[in-house]
Every structure is written in C-alpha cells, then in structure tokens.
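A short reminder: the numbers here are calculations on the coordinates, not readings from a lab. Bear in mind that the values here come from a model prediction, so they are computed numbers and not experimental data. Note that each Cβ is placed from the backbone with ideal geometry, even for glycine, and that neighbours are counted across all protein chains shown.
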Amino acid sequence: MTKMQVVAKTILTVLGIHAIVALCGNYPGQYLFATQEISVLSEALFFLAFILGVAFVGYFMVFGNNQLSRKMAGTAEQFVPRDQTDWLVKSLRVGLVFAGLMLLPRSVPILIRTAKLFFLIRPAVSDIIVSKTVPDILRLSYAQWYRTIYEFLKAILAIYLLCGAPYFLRWQMRHSSRTEAATKKTEIADPGATN
Amino acid sequence: MNRMHTLAKIMLSGIGIFFAIRLLSTIPTLLWVAITQPSDLSLPLALFWTAFLGLCLAALLYVFLYRREQLAKRIVGAGELAQPDSHILWLPAALRLVCIAAGLYSLNLVIWNTTRILATYLMYRSQIHGHTTFTRRVLSTESLLSWLVMAALGIYLVCGAPHFVRWQVKKTLKQCRQFGAKETTVKS
C-alpha cells in the first residue's frame, strides 16, 4: 500500500460514513408512508430496497474500499511494513475522529432529549400501567419516530467515532493486511495483473 | 516551512472556502424573503443582515486566505520542524486541524440557530400574545441548553481541543504499538 492509497482509503471511509448518514436521514419512506395508504408488504419491500442501497454504498466506500483506493491512487512508492501500519492506523483514526466531530454538533439536541427522558420515563410508564393511556411524549407520527431513532443512532455513531472506532479500525487493519497479502501473491504469480 | 505547514495551509483554505460558500448561500434567501414577504422581514433589516453577513464573510476570507500563513504556523508550531514522516509530529497537528474545522462547523450552527431564533422572534412580535408563544415554543430550556452546549463545544474545538487531542494521540500511539507488536508476533 502506498501513502496516497492510505489517504484515499481514509477519504473514502469518511465520505462513505457521511453518505450513509445522509442517505438514512433522507429516507423517502418517512414522508411517503405518513401521507399515503400503502400496504405493509410494499412498505417492507421499499425499506428493504433502501437498506440494500445503503449497504451497497457502505460496502464499496467503508468496508471494502481497498480495491477502490488502489484504483484511485495507483501504485507508487511502497511503505516499509511497519510504516504502513502506523500510517494506516493514524490516518484512519484522524479521518474517523473528523467524521465523529462533524456529526456531534447536530447530535447535541438528541443527547439532551435522551438525558431529559430519564426524568420523564417513570411518570410515562406509570401513566401506561395505571391509567392505560399513552403519554404525549410517546405519541409520535411515523416520520417523528423514524427521525428520533435516526438521530439517536447518529448520536451513538458520533460518540463511537470520537472514541476512534476501535473495533472498526481493528477490522480494517486485519482486512487490509489480508487483501495486501492476496495482492502480493497475485503480483508474484502474474506481475502485469494489477496494472 | 515544511510539508505539514503546506498541508495546514491547504486545509485552512478549504475550510475558509467551505464556510464562505455556506455564508454566501444565505444572503439571497434573506433578500428573497424581504422582497416576497415584507411582513416577515423588512427590506432595511434584510439589508442590515446582508451587510453583517458580508462583514463576517470578509473577516472569514481575511483570516483563512490572507492570514493562513500565520494561522498554519500557530497550529503546526513555528520554527524548523521535522518532516511529517517523522511519525509523531504530524498526528497532533492533523488532529488539531480537524478539531478547528469541526469547531467552526459547530459555531456556524450556533450562528445559524441564533439568526433563526431572531427571525422567529421578529415574526411572533407582531402577533397578539406573540411574546408568550415565542418564549414557550422557541425559547425552551431544551433548545437553550443545546445552544449553550454547541457554543461551548465550538469554542473548545476552535481553541484546538488540547485535552482531546492529547488523549487521541496517546490512544492512537498505543494502538499503533499494539498492531506493530501483533505483526511482529505473526511474522516470527
């Protein structure tokens, strides 16, 4: 892996995270199903197609971006293996922290609302049990529920990214070294195959 | 001047241009509202806000395009520095740059929220019981708290978030050592 490939990989990862968050935030179903009568099956199929689209973006930009980064940056000076590990860990971590920091400011309101929920949850539960009525804080429309869950997951993602996404980073390192080894084997077997 | 300074200068220019575009995009909206809905926003007020945003834009461009040399030196550190390839040095500088960019984004959101609250106040002011409705709907404890947290976060990040950067550097170097040790074990 070259320096430019590491940079390209980091940029692809950050852009991929941004694309996933933006796509999920603009899920058209949240407005579509709130205003139109559509069967549960079509709703489920629509949601499945959307999830597949997001997974496709996630796979090519975040999880399986080695091939793409190699194509973007080309082949140039190779790292000493130790340097490669250092560069990859550091640049990926900087990129992930950047993504987390960009998500954090917009997640502040939902974090405050979640903290507020701790004070409201007891009276809400007692309302449901004693008077068998759904409290106002739980009476949300389809779009509002979607938005709340989305914002909450986004806040969790922001915090995870700010912590440096340790599990994701470990997985990336393992995956990158495996791909690297496979590429080297191919290069040795057929020197012109990767160009 | 080394490669890290150049990188910092490029990133600062990028940040400046990004926020300039965001600021510029609000000016036509203000004028459009003033022309089409004069009851919501009067033309003199829209002109005042346009002038204010123009001043902000000028200050932003001055700092991020003309004074970027000094700013880059402050971020990376003055004097003769080693090349970024000497591993540890580039990491805190890159993290600080990232923090500054995120801080500016946070402050941008704070300014955006403030102008939105002001615009809503102007809208409610002319209504009967408008002041009470405004206080109840817009100035809730929750939104004020969010505003304060975002402003504090923005200021801390713009200052370079020293504690956060130190913690991140420590954790990253630890992780690098772990991966390095693992590789050595696998090879032997």
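Spin-label model, A:V130 to B:T135: label points 7 Å out along the Cα-to-beta-carbon direction sit 3.0 nm apart.
Per-residue mean of foreign Cβ neighbours for B:93-102 is 4 (Cβ atoms of other chains, 10 Å radius). Pairwise Cα distances in region B:87-188 exceed 16 Å for 69 percent of all pairs. Ranked for footprinting exposure by Cβ neighbours inside 10 Å, fewest first, A:K185, B:K9 give A:K185, B:K9. Using C-alpha pairs below 8 Å separated by at least 6 residues, the relative contact order for chain A is 32 percent.
Take each residue of peptide B:153-159, count the partner chain Cβ atoms within 10 Å of its Cβ, and average: the result is 1. Across region A:123-133, computed HN-Hα scalar couplings (Karplus, 6.51 cos²θ - 1.76 cosθ + 1.60, θ = phi - 60°) run x, 5, 5, 5, 4, 5, 6, 6, 9, 6, 10 Hz from first to last residue, x flagging Gly and Pro. When only alpha carbons are used to place a centre, region B:84-160 and region A:97-161 end up 20 Å from one another. Rounded to the nearest 500, the helix-only mean residue ellipticity at 222 nm of chain A stands at -27000 deg cm²/dmol, with each DSSP H run of n ≥ 4 adding -39,500 (n - 2.57). Here the Karplus relation 6.51 cos²θ - 1.76 cosθ + 1.60, evaluated at θ = phi - 60°, turns the backbone of region B:52-62 into coupling constants of 5, 5, x, 5, 4, 4, 4, 4, 4, 5, 4 Hz, with x for every Gly and Pro. Averaged over peptide A:107-114, the number of partner chain Cβ atoms lying within 10 Å of each residue's Cβ comes to 4. Counting only Cβ charges, +1 for Lys and Arg and -1 for Asp and Glu, the dipole size of the protein assembly as shown around its Cα centre is about 960 debye.
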